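Only one structure is covered here, and it is reproduced in the block below.
The values are calculated or read from the model by the stated rules, or taken from the named source; none is laboratory data. The structure displayed is predicted, hence computed values, not measured ones. Here the Cβ is made from the backbone with ideal geometry for all residues, glycine too, and neighbour counts use every protein chain on show.
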Amino acid sequence: MTPTVREILQGVAMVLATPSPPEAGPMYDASRKGMASTLAVLAAGEAERLAAATIAENADIRAELGASAGAYDATLGGRLAKAAANTDADLTTPALDGVNARLRRLLIELHGAIEAAGDVDGHRRIVALYGRMAVGRRLPLGG
Amino acid sequence: MSGGFAEGVEAYLSRVWGAPTTIEGLSRISGGASRETYRFDAIVGGERRPLILRRDPPASLIETDRRSEFMALKSFHGRGVAAPEPLILEEAGAELERPFFVMARIDGGVAASPFAPDPYAPHAAKVGEDFFGTLGRIAAADVPGLPMAEVCEAPALDQCWKRELDYWAGVIEADELHPQPIVRAAIRWLHRHPPPPAQKLSVVHGDYRTGNFLHDGEGRMIAVLDWEMSHLGDPLEDLGWAMDPLWRPHGDSRVGGMVSRDEAIRIWEAASGLTFDPAAFVWWELFASVKGQAIWISSAKEYRDGGYKEPILCFSGWVTARRHDEILAAKLAELPL
């Protein structure tokens with residue numbers, strides 16, 4: 001994900017630890033701290049959901065890569081099949097994120113190939129997958 | 001900067017105006033992630049002048065040109081658009097070390113949050129009339145002769161879309177930290193289905209939306225703000241941005257939380273004298289969400305590169321980006337291959 005929960009919370013800590021310059025004034029300072037607090041609450045919710053959401057997204061992408069592996073040239077098809085056969089062994093967030101980045105890159109490549117081939121059904125399937133990915137990462141305001 | 005910020009402002013204004021100037025009530029305005037925005041009163045020659053100073057930040061949500069922002073204000077101030085009066089442009093930074101400009105402050109208004117439920121009730125329809133009417137008047141302005149024309153490149157009518165798409169796709173290419181398949185699919189769609197040439201060349205505000213104007217609480221728009229992304233291009237660009245679902249509260253079908261889509265288009269057409277082209281607008285609506293996602297991707301990178309200091313960059317690069325992914329996926333689902 002971008003930014004990571006670690007980066008978000010580092011930012012919150014920076015805001016709390018660093019006083020605003022005098023020219024900013026108290027209202028600006030309060031607004032900045034209020035936004036940092038909102039980010040902290042959202043990050044707490046994200047920390048609870050992120051691993052499950054990323055595992056689900058990775059599985060969903062792998063299913064699409066696997067379903068399309070036979071339809072394209074052997075080089076791309078082989079890479080798709082190989083990626084589809086993997087599972088998430090390391091369940092730490094950075095590892096899941098790294099796998100997710102690799103799967104997303106393959107998905108981008110696959111979607112480009114599907115478009116070039118004029119494969120309407122394949123395109124529809126991937127767009128539906130995008131919808132599920134976006135909803136799976138939805139941030140409910142309030143954590 | 002030797003001395004404080006306030007002393008720097010006083011020294012600068014005293015020098016430029018050729019008269020001793022002091023300032024009172026200095027404070028920074030929150031929001032405005034692409035400029036540091038300060039409000040204060042300048043006291044010069046016994047006169048009190050309410051002012052706004054917008055300075056380039058060390059890191060920004062988007063790279064923008066303060067000269068084009070200044071000239072955009074100059075193009076529309078006093079010409080039927082509630083643009084604040086631009087006063088001083090300082091591109092070298094001088095006493096404040098980073099480029100800035102000064103404009104007159106318009107008091108007595110509020111800016112609604114695009115995320116607040118029903119932000120303009122009970123005056124939503126009146127605000128919508130003003131909002132889309134003003135946008136129509138900006139679109140209608142003849143570019144030759146405007147100060148904007150002195151500083152902005154004028155694209156050919158059939159190149160407006162390509163220039164904007166190439167620019168924002170380039171931002172995504174340069175700043176993407178985690179692969180973004182949804183916005184990339186939208187970019188490819190936009191390349192496959194180019195829109196017709198612009199009906200006319202217009203000034204494009206670039207960030208015309210809920211939250212970027214002041215209203216008086218009774219339905220009247222009193223200031224159009226945040227012109228930092230203004231440029232010349234297709235007038236449908238601003239309309240697409242203004243109507244993006246991001247700027248409407250969840251569950252509210254009115255564009256910007258103001259009026260229905262059909263009503264917004266009717267108001268815009270009447271004020272601009274232009275004809276709304278639904279086919280072309282499909283392109284500009286999708287482009288608006290691509291541009292938004294480019295800005296949020298860029299802000300996430302700035303947040304990381306800038307040492308995680310500005311929460312607005314984090315909010316944009318994370319929360320707003322997630323919302324735009326949903327919007328883009330929904331739009332793609334309604335379009336042909």
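Overview of values
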item	result
From the options B:R254, B:R248, residue that is in contact with a strand residue (DSSP E or B) (Cβ under 7 Å, 6 or more places away or on another chain), surrounded by fewer than 23 Cβ atoms within 10 Å (Cβ to Cβ) and charged (D, E, K, R)	B:R248
Of all residues making up the stretch B:307-337, the number that are within 14 Å of A:I8 (Cβ to Cβ) and outside any helix (DSSP H, G or I)	4
Those residues of the stretch A:129-143 which are more than 7 Å from chain B (Cβ to nearest Cβ) and surrounded by fewer than 18 Cβ atoms within 10 Å (Cβ to Cβ), in sequence order	A:R132, A:G136, A:P140, A:L141, A:G142, A:G143
Options B:D142, B:D207: the member that is more than 30 Å from A:D60 (Cα to Cα) and either out of contact with any helix residue (DSSP H, G or I) (no Cβ under 8 Å at 6 or more places or on another chain) or within 14 Å of chain A (Cβ to nearest Cβ) (or both)	B:D142
Residue match in the stretch B:285-296 (condition: touching a Ser or Thr at 6+ places or on another chain (Cβ under 8 Å), on the phi < 0 side of the Ramachandran plot and either touching a residue at least 40 places away in the same chain (Cβ under 8 Å) or charged (D, E, K, R) (or both))	yes
Among (1) surrounded by 14 or more Cβ atoms within 10 Å (Cβ to Cβ); (2) more than 12 Å from chain B (Cβ to nearest Cβ) - the single one A:L110 does not satisfy	(2)
Residue within the stretch A:52-69 that is among the charged types (D, E, K, R) and outside any helix (DSSP H, G or I) present	no
Test: A:A116 is part of a helix (DSSP H, G or I) and more than 13 Å from chain B (Cβ to nearest Cβ)	no
Pick from the stretch B:304-329, criterion small (G, A, S) and free of Cβ contacts under 8 Å to residues at least 40 places away in the same chain, ranking: surrounded by the most Cβ atoms within 10 Å (Cβ to Cβ)	B:G317
Residues within the stretch A:1-14 that are surrounded by 18 or more Cβ atoms within 10 Å (Cβ to Cβ) and touching a residue at least 12 places away in the same chain (Cβ under 8 Å), tallied	6
Considering residues of the stretch B:140-159 that are assigned to a helix (DSSP H, G or I) and under 28 Å from B:E91 (Cα atoms) only, the residue nearest to the chain's Cα centre (by Cα)	B:M148
Boolean, B:R67 is part of a helix (DSSP H, G or I), over 12 Å from B:I23 (Cα atoms) and modelled with pLDDT under 95	yes
Every residue from the stretch B:196-227 that is part of a loop (DSSP other than H, G, I, E, B), buried (at least 21 other Cβ atoms within 10 Å of the Cβ), touching a residue at least 60 places away in the same chain (Cβ under 8 Å) and touching a Phe, Trp or Tyr at 6+ places or on another chain (Cβ under 8 Å)	B:H205, B:Y208, B:R209, B:T210, B:L225
Considering residues of the stretch B:91-117 that are in contact with a helix residue (DSSP H, G or I) (Cβ under 7 Å, 6 or more places away or on another chain) and not aromatic (F, W, Y) only, the residue nearest to A:T38 (Cα to Cα)	B:P114
Matching residues in the stretch B:169-201 - criterion: being small (G, A, S) and within 18 Å of B:W318 (Cα to Cα)	B:A174
Restricting the stretch A:15-35 to residues that are crowded, with 16+ Cβ neighbours inside 10 Å and at the interface with another protein chain (Cβ under 7 Å from one of its Cβ atoms), the residue that is nearest to the chain's Cα centre (by Cα)	A:M35
Hits in the stretch B:67-118 (condition: out of contact with any strand residue (DSSP E or B) (no Cβ under 9 Å at 6 or more places or on another chain), under 29 Å from B:G256 (Cα atoms) and small (G, A, S))	B:G78, B:G80, B:S113, B:A116
Residue in the stretch A:89-101 that is at the interface with another protein chain (Cβ under 7 Å from one of its Cβ atoms), at pLDDT 95 or above and under 24 Å from B:R188 (Cβ atoms) present	yes
Cβ-Cβ under 9 Å pairs, at least 6 apart or on other chains, the stretch A:116-143 side at positive phi, far side surrounded by 18 or more Cβ atoms within 10 Å (Cβ to Cβ) and among the charged types (D, E, K, R)	A:G143/A:E46
Which listed residue, of B:A140, B:A112, is closer than 29 Å to B:G273 by Cα and modelled with pLDDT under 95	B:A112
Filtered residues of the stretch B:280-303 (kept if within 9 Å of chain A (Cβ to nearest Cβ), surrounded by 21 or more Cβ atoms within 10 Å (Cβ to Cβ) and of a type outside the set (F, W, Y))	B:I297, B:A300
Residue check for A:R6: within 19 Å of the chain's Cα centre (by Cα), under 19 Å from A:G136 (Cβ atoms) and assigned to a helix (DSSP H, G or I)	no
